[in-house]
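One structure is given here, and the rest of the page talks about it.
Each reported figure results from applying straightforward, stated rules to the coordinates on display, with no laboratory input. A quick note: this is a predicted structure, and the numbers were derived from the prediction, not measured. Cβ placement follows ideal geometry from the backbone for every residue including glycine, while neighbour counts extend to all protein chains displayed.
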Amino acid sequence: MTGIFNAHDFQRKARQRLPRMIYDFIEGGAGDESGLDANLAAFRAWQFLPHRLRDVSRRDLTAQLWDRSYSLPIYIAPTGFNGALRPGADAMLARAAARASIPFALSTASSESIEEIARAGDGDKWFQLYVLHREISAAMCCRARDAGYSTLMLTVDVPLNGYRERDMRNGFGLPPRYTPRSIWDGITHPGWSLDYLRHGVPKLKNFETTGTQNAEVQAALMKRRMDASFDWDALAGLRDLWPGKLMVKGILRKDDARRCADLGVDAVILSNHGGRQLDDTVSPVAVLPEIAAELKIPVLIDSGIRRGADVVKSLCLGAGLAGIGRPALYAVAAEGEAGIDRLIAILRDEMDRALAMLGVAALSELEASLMRCV
Ligand SMILES: Cc1cc2nc3c(=O)[nH]c(=O)nc-3n(C[C@H](O)[C@H](O)[C@H](O)COP(=O)(O)O)c2cc1C
């Protein structure tokens, strides 16, 4: 894989290979898209304050979450409609995560079904839940449990879909809108288009396989609209329903984080959905220290992680694991399964270097005094 040294290189390559409509779907943010830059800038605002003259000849990147152990302190964040990037992208991500011994989170809006991905490798799999309708959610939770997913990740920052203007301008959606521009877009990206012609329009497989006869449920599925009435009582109900570990994704306030913990949630994920939901929403890394300092349950984070050093910063500030979102999509779009393996190897190397140069031999030694906010 020539010319690929970091996540940005994968991004450039993905941009070349994908039609603009698809690249914009990955990259686009809500409104004026200020959240995208802000998330990256929020990481740069934290700088390292390294120790010197310590023995760092052996370094260990093994991470712990509850009683589980992972080879690296990262997981693949849930992303919907991955089949639009490359046929089989969900399974590619799941297999690469399993090979690297890190968790993979499958989106409710995945292109391959809960069961298909369960069969793709034996790594630790998490299921991300969007609540469109309570009955569908309960059925999906049962399917995920039966298929062996260890963890349920409830996303709570999408009461409505984000206002993503790139997608609206491009006519992105299901079914796709064919316009002279989108057809030209396809012609000028033949590698992607050949895949598309061979495999057809990517589907939202979990929605197809619910097997419900209830008309109201079918209408909710057709519209793909979230249940905006889902509240704390509903979360308590979900806690009773799901026997495994439960995470809540999209938390940004200390009071909400505390309330999750009080309800028996096992971890919270600080996230602003990569700037795709409400523009000008605080970057998770800015609120991480205050939330992690207080909370007794693990705090995970995503939104803006592009380098191994960003992961290390997150851990210094109290995070347990960091979620890799867009970079994994760039990698799978650009180079397929080998691309994801390479991305994980790059992140591993970047984390390892950061540890050595911070004077730290293990993740458990990372702490806030190694950071300064400028
Ligand atoms: C194309 C795309 C699709 C996404 N789909 C989902 C999804 O289905 N469920 C979910 O909880 N989050 C989804 N997310 C949000 C990611 O899980 C994660 O929060 C976000 O990508 C982090 O920002 P970053 O990628 O800029 O680091 C999606 C993000 C992208 C870029």
- Message: Quick query: amide H of Lys249 versus all other amide H atoms, modeled in the peptide plane; which residues come in under 5 Å with a sequence gap of 5 or more or a different chain?
- Response: Leu154, Thr155, Val156, Ile269
- HN-Hα couplings for the stretch 117-122 via Karplus (6.51, -1.76, 1.60; θ = phi - 60°), in whole Hz with x for Gly/Pro, come out as 6, 4, 7, 8, x, 10
- Summing -39500 (n - 2.57) over every DSSP H run of at least 4 in the chain, dividing by its residue total and rounding to the nearest 500, the 222 nm mean residue ellipticity is -13500 deg cm²/dmol
- Query: Taking Cα centroids, how far is the stretch 57-121 from the stretch 297-349 in Å?
  - Reply: 11 Å
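Pull up the DSSP beta bridges for the chain and report the antiparallel fraction as a percent, rounded to 5.
On the way: 6 of 31 bridges.
The antiparallel fraction comes to roughly 20 percent.
How large is the dipole of the stretch 13-160 about the Cα centre if only Lys and Arg carry +1 and Asp and Glu carry -1, each at its Cβ, rounded to the nearest 20 debye? Provide the component values of the computation, followed by the final result.
Working: 18 positive and 17 negative charges, 129 e Å.
With only Lys, Arg, Asp and Glu charged at Cβ, the dipole is about 620 debye.
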- Message: Using each residue's phi in the stretch 318-325, evaluate 6.51 cos²θ - 1.76 cosθ + 1.60 at θ = phi - 60° and report the 3J(HN,Hα) Karplus result to the nearest Hz, with x for Gly and Pro.
- Response: x, 6, x, 9, 10, x, 9, x
- Note on the structure: Checked against the positive end of the charge dipole of the stretch 7-373 (+1 on Cβ of Lys and Arg, -1 on Cβ of Asp and Glu, about the Cα centre), the farthest of Gln47, Leu363, Gly244 is Gln47
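Once the Cβ-Cβ distance between Leu49 and Ala362 is put in as r, and R0 is 25 Å, what FRET efficiency do you end up with, to the nearest 0.05?
Values: r = 18 Å, r/R0 = 0.73.
According to the calculation, E is roughly 0.85.
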- Lys313: which aspartates and glutamates have alpha carbons under 17 Å from its alpha carbon, excluding same-chain residues fewer than 8 sequence positions away? Asp60, Glu290, Asp302, Asp349, Glu350, Asp352, Glu365, Glu367
- the chain: relative contact order as a whole-number percent, Cα under 8 Å and 6+ apart: 29 percent
- Message: What are the membrane-span-like helices in the chain by this rule: whole DSSP H runs, Cα extent along the axis at least 24 Å, mean Kyte-Doolittle hydropathy at least -0.5?
- Response: 326-358
- Using the Kirkwood formula over every pair of different C-alpha atoms, what hydrodynamic radius in Å results for the chain? 21.0 Å
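In debye to the nearest 20, how big a dipole does the chain give about its Cα centre with +1 on each Lys and Arg Cβ and -1 on each Asp and Glu Cβ?
On the way: 47 positive and 46 negative charges, 161 e Å.
Dipole of the chain, to the nearest 20 debye: 780 debye.
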